[in-house]
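The values are calculated or read from the model by the stated rules, or taken from the named source; none is laboratory data. All values reported here derive from a predicted model rather than from experimental measurement. As a convention, Cβ positions derive from the backbone with ideal geometry for all residues, glycine included, and neighbour counts pool all protein chains shown.
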Amino acid sequence: MPAPKEDYYRGAGRPKLRQKGEKLAPLSERLARIGLASDWDFVLHLPLRYEDETAIVPIGSLKAGVTAQVEGEVTLERVTPRSLTAEVADATGRLQVRLLHFYPSQVRQLERGSRVRLYGEARPAWGAGGLEMVHPKVRRALAEGERLPSTLTPVYPAGEGITQLWLRKRIARALLDVDLSDLMPEALRVKLGLPRLREALLYLHRPPPGADLSALQERTAPAWKRLKFDELLAQQIALRHSRALRSAARAPRLAPQDGGRLTSRLIEGLPFALTGAQLRVWKEVAADLASASPMNRLVQGDVGSGKTVIAALAACRAIESGRQAALMAPTEILAEQHYRGISRWLEPLGVRTAWLSGHMKGAEKREMSARIASGEAQFVVGTHALIQDGVAFHSLGLAIIDEQHRFGVEQRLALRGGSGGLTPHLLMLSATPIPRTLAMSYLADFDVSVIDELPPGRKPVSTRLVSIARRDELIAAVGSEISRGRQAYWVCPLIDENEQLDLTPAKTAFEEIRSKLPAASVGLIHGALPQAEKDAVMESFKEGKTDLLVATTVIEVGVDVPNATVMVIEHAERFGLAQLHQLRGRVGRGSEKSWCVLLYGEPLSETGRERLRVIRQSSDGFEIARKDLELRGPGEFLGARQSGMPMLRFASLEEDGDLIDLAREAAAEWLRTDPQTALRHAKRWFAQREGFLEA
Ligand code: ADP
Ligand code: MG
C-alpha cells in the first residue's frame, strides 16, 4: 500500500484555520470532492490508518519507535512563540511533549496539573535524554480509569472542515443503513476463504484490539482481500457484459468482392515497403473488418512506428466495400496533418476526402456536413467536430481514433454512433503502451495489436540532460545544427510569464532565441494562437521555411517532420514521462542523427530526477510506460476517462495479479450461472458511475 502523504494525515482531525470572513463550501460539496455522496460511498470510505487507544501503556515501559497511548499529569510546561513543551508523568515515569505549532486550546490542555491522554510515537528526547512525543494527539482525561474504546480508532481521509468524529458517526450510520448482505455465491466465498462482506467491512472500519495492524496497513488482511476481490470481480463482470453486448451487435462486413483493389494500390503507391509488423497488424485488422461483429481493436505502436498507414489501409478497405470511413484526432494540428497526409495517398486513387474542423464557419461547415450525409465524402478527417451535433454519416463502416488515450469512452462511442442498424467497426491507435496487467483488466474488452518494429533506417535519438544554466551554450549548438540545414523544436512548459513558477515561457524563449540566432528563421506556436495562425506556422515549419519552432506541448502528439533533428525541452522535470517520450518522438524520423536535450532546472525533486533518468536511459515506450506506472500509480496513468471503466480503489494491478486471475474465472462462471445477480454485484460496486455498463 502506498504510504499516506504526510501532510494529509497530519491535518487529519485538526480543523484547518480559516481566514476571518472566508466561507467554507457547503458540506455536501466538500464531501463530493472526496467522493462521498451515497451511503455506499461512506461504507467504502476506508481508514487510512488506525490508532490503538484501547489500552494505556505505563510511561515507564514505553519504547522508542513504538506508537502508544499514555495517560498522566502535566508536571511542567513551557510556551514560547515557536513551541510548546511539557512534561507528562505517571507513577512509572515521565515523558517530554513537544508541539511546534499549536492552538490556544492546546496550551490550555497542557496546563500544569491537568490529566491528559497522549497518543503518539515515543522517540529519544531531543537533547535531554529519556523519551518524547512530538505532536501527539492530546486530549484531557476525565478521571483515572475512564472507559477505553473497545475497538481500534480509524483515521479516515478527510477533507476541508470535515472532522474525524463526524466521519466516524456518518460511516457508522451508513453501515447500519446499507444492505451489506453477500451477493457472491456462498460456494465461491468459501472456496476462496473470504470473510463475508459485512464482516469484512466492520473489521476494516473498527478492528478489534489486537488486530494485526501491519496486515491492515499493507492491505493483506483477509478483510482487505475480500474487498479487493469484490471490486475486481465487479470490474470483470462489467467488462464481460459490455463485450457480450457488443458481440450481439452487427457490423457491415468489409471484404470487397474484387479482392481489394484500393488497398493493394495504396500499398503499391507508398514510397516505402511496409515493415513486417505493419503487415501483420494490417492482416489482423483486415480479418476483423471482414467479420459481421464490430471490431474493437487497439493498435499500439511506439511513436514513429507507422500507425497512420494502418489507418489509411483500413479506411481504403471500408471505402472499397462501399462504406465511409472517419478518422478523429485530438488536436487540430494533428487532424489537419492526417487530412493532408492521408489525402495525398488516397486522392490519386480516386477517393473523395473531406475535412471537418471545429473552427469552420457556418456555411462551410454545412457544406461539409452535407457531403458527409450524402455519402459523397468517402473519407472524413476531423477533430471532436466530427461528433458534434449535425454530423450524420451516410453509411459509416469504420471509425478510427488516433491517439485514443486522449479521448474518453463517450467520445469513442459517439463517433461509432452507428447507421442503418449496423455498428461501424472501431480502430484505435495509441502510442501509449499499456502494461500487461493494465491491459488485462481495463482493456479486457479490446483486442490489441502491437507494431513492435520501427521502419528501417531510423537512428536512435541521443538524449542529453543539461542544466538550464547552460542554456546559452545550447542555443548556440542548436544554431550550428540549423546552419547544416536541419530543423529544431524548442518546447517550453508555459505560454506567458508566470512569476511564481519562474519558468522561461515560450514567448520569452522565442524572443531570446530570435535575437541570439539572427540568421535562423524562428517560429512560435502555442495553444492560444488563432487557428489560422497555428496552421500557417506549422505549414511553414513542415515546408522547411522555419528552422526552429518554439512551442508549447501543442506539438506533443503525432506531428511528423522528418527533417527536424533536435528537440529541446525546457524544464523537462515538469513534464510527465509519457509526454517526454512523445515529445522526443517528434525527432529521429528521418535518416539523420537526432538529439533530444532535456534542460532541467534545479533543485530537482526525487521523482523529477527519476523521470529524467528513465527517459535518458530508455527509448522503449513499453519500458517507459512501466516506469511511469511505478512512479505514478495506475490511477493517474490511465484515467477512467480512457478506459471507460471506473478506477480500482482497493485492488492494485501491480500487487494483486493473482486476485485478478481468480476474479476473471469467477466472473465468467457467475455470469453463466446467475447473470442477474452477477450484474447486481457490478452495479452495486460501480453505482455512482451510471452508464458504464452500457459502454
Ligand atoms: P506514428 O506511429 O507515430 O503515428 P507515423 O504513422 O506518423 O507514426 O509514421 C512516422 C513516419 O514513418 C512517417 O513519416 C511515415 O510516412 C513513415 N513510415 C511509416 N511506415 C514506414 C515504413 N514501413 N518504412 C518507412 N517509413 C515509414
Ligand atoms: Mg501518429
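Which residue out of Pro157, Pro185 is closer than 28 Å to Leu202 by Cβ, of a type outside the set (Lys, Arg) and at pLDDT below 90? When all the criteria are applied, what remains is Pro157.
Checked against (1) touching a residue at least 12 places away in the same chain (Cβ under 8 Å); (2) closer than 28 Å to Gly269 by Cα, Arg344 meets all criteria but (1). Applying the condition of being of a type in the set (Gly, Ala, Ser) and surrounded by fewer than 20 Cβ atoms within 10 Å (Cβ to Cβ) to segment 279-303 and asking which residue is nearest to ligand 2 (Cβ to nearest atom) yields Ala286. Taken over segment 529-558, the criterion of being touching a Ser or Thr at 6+ places or on another chain (Cβ under 9 Å) and assigned to a loop (DSSP other than H, G, I, E, B) is satisfied by Lys545, Thr546, Asp547, Glu556, Val557, Gly558. One residue stands out among those in segment 455-495 that are within 16 Å of ligand 1 (Cβ to nearest atom) and surrounded by fewer than 18 Cβ atoms within 10 Å (Cβ to Cβ): the one that is nearest to Gly306 (Cα to Cα), which is Pro455. For beta carbons closer than 6 Å, sequence separation of 6+ or different chains, a first residue in segment 292-308 that is under 24 Å from Asp560 (Cα atoms) and of a type in the set (S, T, N, Q) and a second that is within 10 Å of ligand 2 (Cβ to nearest atom) and modelled with pLDDT under 90, the qualifying pairs are Gln300/Ser430.
Return the residues of segment 234-281 that are outside any helix (DSSP H, G or I), at negative phi and away from ligand 1 (no atom under 16 Å from the Cβ); say none if nothing qualifies.
Let us first name the residues in segment 234-281 that are outside any helix (DSSP H, G or I), namely 249-260, 270-275.
Those still in the list that are at negative phi too: 249-258, 270-275.
Those that are outside any helix (DSSP H, G or I), at negative phi and away from ligand 1 (no atom under 16 Å from the Cβ): Ala249, Arg250, Ala251, Pro252, Arg253, Leu254, Ala255, Pro256, Gln257, Asp258.
Regarding Pro562, is this residue more than 18 Å from Trp595 (Cα to Cα), of a type outside the set (A, V, I, L, M) and either modelled with pLDDT under 95 or more than 30 Å from the chain's Cα centre (by Cα) (or both)? Judged against the criteria, Pro562 is not a match. Scan segment 152-170 and tell me whether some residue there is of a type outside the set (Asp, Glu) and within 20 Å of His681 (Cα to Cα). Checked segment 152-170: no residue is of a type outside the set (Asp, Glu) and within 20 Å of His681 (Cα to Cα).
Considering the conditions (1) at pLDDT below 90; (2) surrounded by 11 or more Cβ atoms within 10 Å (Cβ to Cβ), Lys23 is excluded by exactly one of them, (2). The residues on offer are Ile267, Ile310, and the sole one that is within 16 Å of ligand 2 (Cβ to nearest atom) and closer than 16 Å to Gly341 by Cα is Ile310.
In the set Ala326, Ala315, which member is of a type in the set (A, V, I, L, M, F, W, C), buried (at least 24 other Cβ atoms within 10 Å of the Cβ) and within 15 Å of ligand 2 (Cβ to nearest atom)? Just a single option satisfies the conditions, and that option is Ala315. Here Ser264 meets the list (1) buried (at least 17 other Cβ atoms within 10 Å of the Cβ); (2) more than 33 Å from the chain's Cα centre (by Cα); (3) among the hydroxyl-bearing types (Ser, Thr, Tyr) almost entirely, failing just condition (1). Could you tell me whether segment 596-604 includes any residue that is closer than 25 Å to Thr308 by Cα, modelled with pLDDT under 90 and touching a Lys or Arg at 6+ places or on another chain (Cβ under 7 Å)? The answer is no; no qualifying residue exists.
Checking every residue in segment 206-224 against the condition of being free of Cβ contacts under 8 Å to residues at least 24 places away in the same chain, away from ligand 2 (no atom under 16 Å from the Cβ), of a type in the set (A, V, I, L, M, F, W, C) and part of a loop (DSSP other than H, G, I, E, B) gives at least one match. Tell me whether segment 600-607 contains one or more residues that are more than 16 Å from ligand 1 (Cβ to nearest atom), within 20 Å of the chain's Cα centre (by Cα) and either under 26 Å from Thr383 (Cβ atoms) or not assigned by TED's automatic domain parsing to the domain that holds Cys492 (or both). No, because not a single residue in segment 600-607 is more than 16 Å from ligand 1 (Cβ to nearest atom), within 20 Å of the chain's Cα centre (by Cα) and either under 26 Å from Thr383 (Cβ atoms) or not assigned by TED's automatic domain parsing to the domain that holds Cys492 (or both).
Report yes if some residue within segment 308-319 is out of contact with any Cys (no Cβ under 6 Å at 6 or more places or on another chain), in a loop (DSSP other than H, G, I, E, B) and within 17 Å of Thr432 (Cβ to Cβ); otherwise report no. Don't jump to the end; show me each part of the working.
Our first condition is that a residue be out of contact with any Cys (no Cβ under 6 Å at 6 or more places or on another chain); within segment 308-319, this holds for 308-319.
Now restrict to residues that are in a loop (DSSP other than H, G, I, E, B): none.
For segment 308-319, residues out of contact with any Cys (no Cβ under 6 Å at 6 or more places or on another chain), in a loop (DSSP other than H, G, I, E, B) and within 17 Å of Thr432 (Cβ to Cβ): absent.
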